Amino acid sequence: MAFQSPKGTFDWLPPRSERALRVREAVSAPARRAGYGYIETPTFEDTALFARGVGESTDIVSKEMYTFDDKGGRSITLRPEGTAPVVRAVLQHGLHNGRLPVKLWYSGNNFRYERAQRGRYRHFSQVGIEALGADDPVLDAEVILLAAEGYAALGLTGVTLLLNTLGCKECRPAYRAALQGFLAGLDLDEPTRRRAEINPLRVLDDRRPELQARLAAAPLVTDHLCEACKAYHEEVRSLLSAMGVAYTDDPRLVRGLDYYMRTTFEFVHDGLGSQSAVGGGGRYDGLSEMIGGPPLPGVGWAIGVDRTVLAMEAEGLFGEEDPAGGVPVQVYGVPLGEEARRRMFRLLAEIRAAGLVADMAFGGKGLKGAMKGADRSGARFALILGERDLAAQAVQVKDLTTAEQTEVPLAQVVHVLKGKIQ
Ligand code: AMP
């Protein structure tokens, strides 16, 4: 049998692939307008970067990484998330020694060996932003606002922002101890008990309903915040409210990565079933130190491109699309004969240079086959070029909506088409 894409992966094909491009464009545009510069890091990194940066106790590191030794004996891991690589790059190039905050955005693929299902893939794509070097609630609010603006620009209305804080180095230990005390009183299975010892907050993230029910009485981080964290969180909330960004307080929101502190948030969509998170992020003030750098606060998010497309499809936000998945063709060339093909090739280049979208019949099709291609392309105009036209230095311009056909001198056709189309 012919090859299939590996389990948990899929191909983006036209015309649907246009949707992924549209999401990437729309969710990065607000950040670009707010001074975020584009960064591209390698698809693979030192395994230790993720082990230390994301955290050994996380599902990502303990179960989901694509790790292998390269031919030089280095342990390499395909990027499971984008933040640790960005912080690594900032530290490596000393970007934090310049103007702060360092503001960066990225777009790329991630790899996680997850249980594959709709909306959850082993290879998926994210757009993300990171702002490093400022510990300021206004920056947290800006980051959240930029994501909300991206979803709004796509026309999504079913997205809810869940907001929480995880406290800081000062207050988290006391909360952690309280949570551990509570969890010790539950009859937990062995892996969960071990997780409760290493990272009890992550137990709150367990999706099993029977466990969730027993966690209902668990202590909440919001009851254990220090004064500074309380004030910080209040400020983030009031800045968002002032901007009309709706949010739901979710004191149980913890995220699957260890590096979060203070502000954490997730965007969920109500039309996606169990894989409802379309984006998420937060503040990760300890990450730089965890990977051997100086103290460097940071805040950011990653938006899942694949799931955002699914959310838009659930809301019926895509209208009619060009079947070939490109920009809809406006002009279609129908050359009849070898000489006409050569001339049409040049003519289309001129038409495109003038800003129009043009395609043509390839493979030496006859008039009938080529006209069928013109119809299928969705173009408004067909340019029919036969031997007689060539001799007359003219071309037949056929309006495919009215079937009206006029002869236009070759030297004027670009001008005439521009006039008709724009
Ligand atoms: P995370 O990096 O886990 O915080 O995820 C951020 C966003 O990426 C999520 O809200 C999802 O939209 C998306 N995402 C994470 N994991 C997957 C996956 N396995 N398949 C598809 N999208 C994912």
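What follows draws every value from the coordinates through simple rules; no lab data is involved. Given the structure is predicted, the values throughout are model-derived calculations rather than measurements. In this analysis, Cβ positions are derived from the backbone assuming ideal geometry, glycine residues included, and neighbour counts consider all displayed protein chains.
Please identify the DSSP H helices in the chain that span no less than 20 Å along the helix axis (Cα) and have a mean Kyte-Doolittle hydropathy of 1.0 or more. Let's see the in-between values first.
Working: long enough: 17-33 (25 Å, -0.78); 137-153 (24 Å, 1.15); 227-242 (22 Å, -0.33); 338-353 (23 Å, -0.68).
Membrane-span-like by this criterion, though nothing is claimed about a membrane: 137-153.
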**Item:** Proxy reagent accessibility, fewest Cβ within 10 Å first, across 144, 76, 291
**Value:** 76, 291, 144
**Complete:** Any residue on another chain or 5+ positions along whose placed amide H is under 5 Å from the amide H of residue 333 is listed here as 359, 360, 361, 383
**Prompt:** Can you run phi through the Karplus equation (6.51, -1.76, 1.60; θ = phi - 60°) for the range 69-79 and list ³J(HN,Hα) in whole Hz, with x for Gly and Pro?
**Reply:** 8, 7, 5, x, x, 8, 7, 10, 10, 5, 3
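If you put +1 on each Lys and Arg Cβ and -1 on each Asp and Glu Cβ, how big is the dipole of the chain around its Cα centre, in Debye rounded to 20? Intermediate values should be presented prior to the final figure.
Values: 51 positive and 54 negative charges, 209 e Å.
I would put it at about 1000 debye.
Given axes a ≥ b ≥ c from the Cα gyration tensor, I'd like to know whether the range 102-261 is rounded (a/c under 1.5), prolate (a/b larger than b/c) or oblate. Display every interim value, and only then the final one.
Numbers: a/c = 1.83, a/b = 1.25, b/c = 1.47.
Oblate.
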**Fill in**
Rounded to the nearest 5, the percent of DSSP beta bridges in the range 331-421 running antiparallel is 55
**Fill in**
Cα extents of the chain along the principal axes, largest first, in whole Å, come to 90, 54, 43
**Request:** State the Cα centre-to-centre distance between the range 327-349 and the range 8-76 in whole Å.
**Result:** 41
**Asked** For residue 62 and residue 212, what is the calculated FRET efficiency with R₀ set at 35 Å and r taken between the beta-carbons, to the nearest 0.05?
**Response** 0.95
**Message:** Quick check of the Kirkwood formula: for the range 1-40, what is the inverse mean of 1/r over all pairs of different Cα atoms, in Å?
**Reply:** 12.8
**Item:** Where only C-alpha atoms are counted, convex hull volume of the range 1-90 per residue in Å³
**Value:** 158
**Item:** the range 205-215 - phi-based ³J(HN,Hα) in whole Hz, Karplus 6.51/-1.76/1.60, Gly and Pro as x
**Value:** 7, 5, 8, 5, x, 5, 6, 4, 4, 6, 8
**Fill in**
Expected vector for the range 40-46, Karplus 3J(HN,Hα) from phi with 6.51, -1.76, 1.60 and θ = phi - 60°, integer Hz, x for Gly and Pro, equals 10, 10, x, 6, 10, 9, 3
**Asked** Which cysteines does the chain leave without a neighbouring Cys Cβ under 4.7 Å?
**Response** 168, 229
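Mind running the shape call on the range 331-421? Use the C-alpha gyration tensor, a ≥ b ≥ c as the square roots of the eigenvalues: rounded below 1.5 for a/c, prolate if a/b tops b/c, oblate otherwise. Working shown, then result.
On the way: a/c = 1.29, a/b = 1.07, b/c = 1.20.
It is rounded, given that a/c, with a ≥ b ≥ c, falls under 1.5.
Using alpha-carbon pairs under 8 Å, 6+ residues apart, how would you state the relative contact order of the range 331-421 in percent? Mind showing how you got there, number by number?
On the way: 138 pairs, mean separation 26.8, N = 91.
Relative CO of the range 331-421 lands at 29 percent.
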**Item:** the range 232-388: radius of gyration and largest Cα-Cα distance (Dmax), Å
**Value:** 26.8, 78
**Prompt:** Could you give the nm distance between label points at residue 190 and residue 350, where each point is 7 Å from its Cα heading toward the beta carbon?
**Reply:** 7.8
**Prompt:** Fewest first, what order do 175, 247 take by the number of other Cβ atoms within 10 Å?
**Reply:** 247, 175
